[in-house]
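Peer 1: Questions regarding the structure given below will be posed in turn.
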Amino acid sequence: VTIPDGVKSIDEGVFDGYCDIKSVTIPDGVTSIGAFAFKGCDELASVTMPDSVTSIGESAFSYCWSLTSMVIPNSVTNIGDCAFYECGGLTSVTIPNSVTSIGDFAFEECNSLTSVTIPGSVSIIGRDLFRDCVGLTSVTISRGVISIGNTAFKGCSGLASVTIPASVMIIGEEAFSGTSLTTVYVEKGDVYRVKSLLIGMESLDINRIAFVEVEMSDPVDPEPVTPEPVTPTPVTPEPVTPDSKPVTACYEVLNASDVTAPYAAEKAVTLQGAVYDGWDVAGIVELKLGKVNAKKKTSKKK
C-alpha cells in the first residue's frame with residue numbers, strides 16, 4: 001500500500017484486518033496515524049514512516065506479527081496505548097528523544113524484542129509497557145524518566161540487566177517481577193535508594209542482584225517540532241449604528257483672554273468650541289471671528 005501525496009492523516013481503522021498487506025509507504029505530510037489503522041495486518045513486514053508524523057494512535061500496529069523492525073521518526077511525540085501490542089516478530093524498535101508520551105501496553109508481548117532504550121524525554125513508563133516480552137535481555141532507562149509503572153516489565157523472563165537513573169522516583173508494584181535480573185546499573189551514590197525502591201517486589205531476590213555504579217549523561221532535549229504556520233482569520237468590525245436621538249448643536253466660545261500673541265493682534269482668528277449632546281461632548285466646531293480685543297471677555301454664544 002502506498003498512501004498518496006496530499007493525505008494529512010490516516011484515519012481510524014482504515015486498514016484494520018487487511019491480512020494481505022505486506023508493506024506500507026506513508027508520504028511526507030501525514031501527521032497522524034489513527035487508532036487501529038493497521039491493526040491485525042499480520043503479513044505487514046515493512047513500514048516507511050516520514051518525519052512529518054507526530055502521533056501514532058491506539059493499537060495502530062497491534063497484532064502485526066510479521067513486523068520485524070520499527071524506526072520511529074524524530075517528529076513523533078506521542079505513542080498510544082497498545083500501539084505495537086503483540087507484534088511478536090518485532091526484534092528492534094528505536095524510540096527517539098522527541099517522544100514524550102508512551103501509552104500503557106504499547107509493546108506488551110513483543111516476544112522477539114531483545115533490548116530497548118527509553119529516552120529521558122519520556123517521564124513516565126506506563127503500566128504493562130513491556131510486559132511478557134520474554135526475549136528482552138537488557139533495558140536502558142535514561143535520566144529524565146521519573147516513574148516506572150506497575151508491572152511495566154513483569155514476565156520479561158529473559159531480562160538480566162537494567163539501567164535505572166537517579167531521576168526515577170517511583171517503581172510501581174511488580175514492575176520487575178518474573179524477570180531474571182542479575183545486574184542493576186545505577187548512578188553513583190544511588191545504590192541504597194534504588195535498592196529500597198525494589199525491596200519487597202514479588203519474585204525479585206535483591207540479595208542476588210549486583211548493583212553497579214556508573215556515570216550517566218544528562219537527558220537529551222527532545223527534538224524541536226516546528227508547528228505549522230497559522231493564518232489569522234481577518235475580523236470584520238461590526239458597523240456602529242449612530243444614536244438615533246438628535247444632537248443639539250451647542251458650543252461655547254473660549255475666553256478671549258486665553259488668546260495669546262500673535263493671535264491677539266487685530267486680525268481674524270479662529271476659536272474652537274465644543275458641541276454638546278446633553279452633558280456629553282459630541283464634537284468640536286470652529287468659530288471664525290473678525291478682529292479680537294484680547295482684553296475683552298466674550299460671552300456664551302448659541
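Table: residues versus (1) in contact with a Phe, Trp or Tyr (Cβ under 6 Å, 6 or more places away or on another chain); (2) closer than 22 Å to ALA160 by Cβ; (3) in contact (Cβ under 8 Å) with a residue 60 or more places away in the chain.
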position: ASN74; (1), (2), (3): no, no, yes
position: LEU90; (1), (2), (3): no, yes, no
position: SER98; (1), (2), (3): no, no, yes
position: ASP132; (1), (2), (3): no, yes, no
position: SER142; (1), (2), (3): no, yes, yes
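Peer 1: Tally time: how many residues in segment 164-186 are over 21 Å from ASP132 (Cβ atoms) and open to solvent by less than 20 Å² (accessible area, probe 1.4 Å)?
Peer 2: 3
Peer 1: For segment 122-143, how many residues meet the condition of being open to solvent by 20 Å² or more (accessible area, probe 1.4 Å), of a type in the set (Gly, Ala, Ser) and assigned to a loop (DSSP other than H, G, I, E, B)?
Peer 2: Count: 3.
Peer 1: Out of SER180, SER217, SER203, I need the residue that is modelled with pLDDT under 95, closer than 20 Å to ILE95 by Cα and not β-branched (Val, Ile, Thr). Which one?
Peer 2: SER217
Peer 1: Now for a separate question. Between a residue in segment 4-18 that is under 14 Å from SER32 (Cβ atoms) and any residue that is open to solvent by less than 40 Å² (accessible area, probe 1.4 Å) and part of a loop (DSSP other than H, G, I, E, B), which pairs come within a Cβ distance under 6 Å, given they are 6 or more apart or on different chains?
Peer 2: From segment 4-18, the pairs are VAL7/VAL30; ILE10/GLY34; ILE10/ALA37; ASP11/GLY34; GLU12/GLY34; GLU12/ALA35; VAL14/ALA37.
Peer 1: For segment 144-160, which positions are open to solvent by 10 Å² or more (accessible area, probe 1.4 Å) and in contact with a Leu (Cβ under 7 Å, 6 or more places away or on another chain)?
Peer 2: GLY149, GLY158, ALA160, listed by residue number.
The values are calculated or read from the model by the stated rules, or taken from the named source; none is laboratory data. Since this is a predicted model, take the numbers as computed values, not measurements. Reconstructed Cβ throughout: ideal geometry from the backbone, glycine too, with neighbour counts over all protein chains shown. The protein model used for the area step is the full one, side chains on, heavy atoms only, and it has no ligands, DNA or RNA in it. Shrake-Rupley method; radii C 1.70, N 1.55, O 1.52, S 1.80 Å.
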